[in-house]
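Asks: The structure's right below; bear with me while I get my questions together.
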Amino acid sequence: MSETTFKNDDLAAFWMPFTPNRAFKQNPRLFHRAEKFHFYTTDNRRVLDGFSGLWCVNLGHGHPKVVEAIRDQASTMDYCPAFGFGHPGSYKLANMVADQFPGDLNHVFFTNSGSEAVDTALKMAIAYHRMRGEGTRMRLIGRVQGYHGVGFGGISVGGMVNNRKFFGSLLPGVDHLSLPYNPETHGYSRGLSDADVAHYRKELETIITLHDASTIAAVIVEPFAGSAGVFVPPKGYMQMLREVTAKHGILLITDEVITGFGRLGAPNAATWFGIEPDLVTMAKAINNAAVPMGAVAAQKKIYDTFIEGTKAGVEFFHGYTYSAHPLAVAAGIAAQEVFREEGVYQHVADIAPYFEDAVHSLKGEPHVTDIRNLGLAGGLTIAVRDGMPGARAAEIVQKAYEFGAVIRNNGDTLALAPILTMGRGEIDEIIDITRKAIRAVA
Ligand SMILES: Cc1ncc(COP(=O)(O)O)c(C=O)c1O
């Protein structure tokens, strides 16, 4: 690596996120180039990206249109403050995003990440109720195994134990629904499961009765639990959440950081499920992950409450130095055009059944105890090796990397997330390498 001498060795200085630093730095996996479906390691080995980066490079790496847009923007205007000033692209992108959502989800607030989008949406929900004179609605309901990023809001409503237990008492007034997935009764479900939604309706109603609706601001869920390992809800579950929350004046926030922009074969999960949440968070594929960006889509009634409820001055005391950053916006406009011009959502809808069969062909491989899928997302559960949670799945990921593909594990689950423009050949290759890796690990 670098010939300069630093006080640390070259790899030590970077404290890597969500990475076992010690193990990684003994055996680093370093990429220096990416093109379309592949990464290239620093020793120039080609590795197929079976995880769309981190669920985000939905159009493939270095899409020429996105690259060109960033280059042009960087040379025209590198930065423009979003507080009290604007640039035309940000309004255009907000319109392009809003147009893809059903109903009155008409207003878009830009952030720099999914975590920030989640914290923004939670703050919008609480402040919205307060502005309407219902300031007692402060509680937030999340879900066990939910992942909503790493801000204090996100980990409070999130439900992944390791992301919470180190960080104190978190936000007060948060409760959690259970994960609507039971491998014992509905394991190996293809797509949405047939589990009984009435059970989960009763649970939500019980939590609402316990706290009283007048204290609850919002329910937040992922349309499917992505980071936990692709746990897919039963048929009718999302519609049930919409119906029950609406009945009690509780906002429904769907976290579409993964499902936004094509993963299910539709512009977003709201469209795919046919529901109209009050707030939707997104990030990642909004601009093909080429520049950090997140966003929240808000219903008209929420935006109007802030605008009309404020006599003068700032209506929402919130924002980021890099909200609507010109480079992120330029990449976003280009990416949104590509989604449309290349018919990406339809392609995903067409190829998803093939992917479903391919993922479920891993049933019966050693240590595989469950498989799930939705759109171009696949999840497997791998049996825990005695006393070493996560070890076997992590070794499978390492083997897959050695055999030529990036896949990902979270604890004892594996997840596969092909780039949305991949064809059958690439899907076959991801599955073949995953199978080989599973077989190679004891
Ligand atoms: C559903 C969901 N919400 C929020 C986030 C956090 O996004 P970021 O890592 O951009 O902060 C993620 C990241 O994977 C996610 O999957």
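Read-outs: derived from the displayed coordinates by stated rules, not from any lab. Everything numeric here is computed off the predicted structure, so don't read it as measured data. Please note: Cβ atoms are built from the backbone with ideal geometry, for glycine as well, and neighbour counts cover all protein chains shown.
Asks: Listed here are the pairs 363/436; 202/235; 202/284; 165/202; which of them are more than 24 Å apart at the Cα? Please list the in-between numbers first.
Replies: Details: 363/436 13 Å; 202/235 16 Å; 202/284 34 Å; 165/202 28 Å.
202/284; 165/202, as the Cα separations exceed 24 Å there.
Asks: Given R₀ = 30 Å, FRET efficiency for residue 342-residue 83 by Cβ-Cβ distance, to 0.05? Write out the running numbers ahead of the final one.
Replies: Details: r = 35 Å, r/R0 = 1.17.
Result of the calculation: an efficiency of 0.30.
Asks: List the residues whose amide H sits under 5 Å from the amide H of residue 369, counting only those 5 or more places along or on another chain, with H placed 1.01 Å from N in the peptide plane.
Replies: Here the answer is 381, 382, 383, since their amide H atoms fall under 5 Å of that of residue 369.
Asks: Explain nothing, just compute: Karplus ³J(HN,Hα) = 6.51 cos²θ - 1.76 cosθ + 1.60, θ = phi - 60°, for every residue of region 340-357 in order, whole Hz, x for Gly and Pro.
Replies: 3J(HN,Hα) across region 340-357, in whole Hz: 6, 4, 8, x, 5, 5, 5, 4, 5, 4, 6, 8, 4, x, 5, 4, 4, 4.
Asks: Long-range amide H contacts for residue 216: which residues qualify at under 5 Å (H placed 1.01 Å from N, peptide plane, sequence gap of 5 or more or a different chain)?
Replies: HN-HN under 5 Å from residue 216: 138, 139.
Asks: On a full-extension model of 0.36 nm per residue, what is the gain between residue 162 and residue 388, subtracting their alpha-carbon distance, rounded to one decimal in nm?
Replies: Numbers: separation 226, 0.36 × 226 = 81.36 nm, distance 1.51 nm.
Extending this stretch completely gives an extra 79.8 nm.
Asks: Using Cα pairs closer than 8 Å and at least 6 residues apart in sequence, work out the relative contact order for region 67-341, in percent. Don't skip to the end; give the middle numbers.
Replies: Details: 519 pairs, mean separation 79.6, N = 275.
This gives 29 percent for region 67-341.
Asks: For residue 247 and residue 67, calculate 0.36 nm times their separation in residues minus their Cα-Cα distance, and state this gained length in nm to one decimal. Don't skip to the end; give the middle numbers.
Replies: Values: separation 180, 0.36 × 180 = 64.80 nm, distance 4.58 nm.
The span from residue 247 to residue 67 would gain 60.2 nm if fully extended.
Asks: A further question on this structure: Return the FRET efficiency for the residue pair residue 185, residue 21: r is the Cβ-Cβ distance, R0 is 41 Å, and the value is rounded to the nearest 0.05. Could the numbers behind the result be given before it?
Replies: On the way: r = 39 Å, r/R0 = 0.95.
Efficiency at R0 = 41 Å is approximately 0.55.
Asks: Is it possible to state the helix-based mean residue ellipticity at 222 nm for the chain, with each DSSP H run of 4+ residues giving -39500 (n - 2.57), the sum divided by total residues, to the nearest 500 deg cm²/dmol? What is it? Before the final figure, lay out each step's value.
Replies: On the way: 16 runs with 169 residues, N = 442.
The helix-only estimate for the chain comes to -11500 deg cm²/dmol at 222 nm.
Asks: Let me ask something else. Considering amide H positions built from the backbone, and no H for Pro or chain starts, which residues 5 or more places from residue 410, or on another chain, come under 5 Å of its amide H?
Replies: Distant-sequence amide H within range of residue 410: 415.
Asks: Loop-only chymotrypsin sites (Phe, Trp or Tyr not before Pro) in region 42-135, please: DSSP not H, G, I, E or B, and at most 10 other Cβ atoms within 10 Å.
Replies: Passing both the DSSP loop test and the Cβ count: 83, 85.
Asks: Multiply the residue separation of residue 123 and residue 201 by 0.36 nm, subtract the distance between their alpha-carbon atoms, and state the gained length in nm to one decimal. Working shown, then result.
Replies: Values: separation 78, 0.36 × 78 = 28.08 nm, distance 2.56 nm.
So the extension gain works out to 25.5 nm.
Asks: Rg/Rh for region 203-323 to two decimals, with Rh computed the Kirkwood way over all alpha-carbon pairs.
Replies: In region 203-323, Rg relative to Rh is 1.00.
Asks: Give me a comma-separated list of calculated 3J(HN,Hα) values for region 269-281, in order, Karplus coefficients 6.51, -1.76, 1.60 applied at θ = phi - 60°, integers in Hz, x for any Gly or Pro.
Replies: Karplus-based 3J(HN,Hα) across region 269-281 equals 6, 4, 5, 5, 7, x, 10, 10, x, 7, 9, 10, 9 Hz.
Asks: Further question on the same structure: Grab every C-alpha pair in the chain, bin the distances at 10 angstrom width from 0 up to the longest one, and report whole percents.
Replies: Percent of pairs per bin, in order: 4, 21, 31, 27, 13, 3, 0.
Asks: Sticking with this structure for a sec: In a GNM of the chain with a 10 Å cut-off on Cα contacts, which of 57, 280, 144 has the highest mean-square fluctuation?
Replies: 144
Asks: Which whole-Hz ³J(HN,Hα) couplings does region 364-370 yield from phi under the Karplus relation 6.51 cos²θ - 1.76 cosθ + 1.60, θ = phi - 60°, glycine and proline marked x?
Replies: In residue order, the calculated couplings are x, 5, x, 6, 7, 10, 6 Hz.
Asks: What do you get for trypsin sites (Lys or Arg not before Pro) in region 273-378 restricted to DSSP loop and a cutoff of at most 16 other Cβ within 10 Å of the site's Cβ? Write down the numbers at each step before the final one.
Replies: Values: sites: 284, 300, 301, 311, 340, 363, 372; in loops: 311, 363.
Within region 273-378, the qualifying trypsin sites (Lys or Arg not before Pro) (loop, at most 16 other Cβ atoms within 10 Å) are 311, 363.
Asks: Further question on the same structure: Pairs to check: 7/36; 65/92; 92/123. Give those whose C-alpha atoms are more than 27 Å from each other in this structure. Walk me through the numbers on the way to the answer.
Replies: Working: 7/36 37 Å; 65/92 17 Å; 92/123 25 Å.
In this structure, 7/36 exceed 27 Å between Cα atoms.
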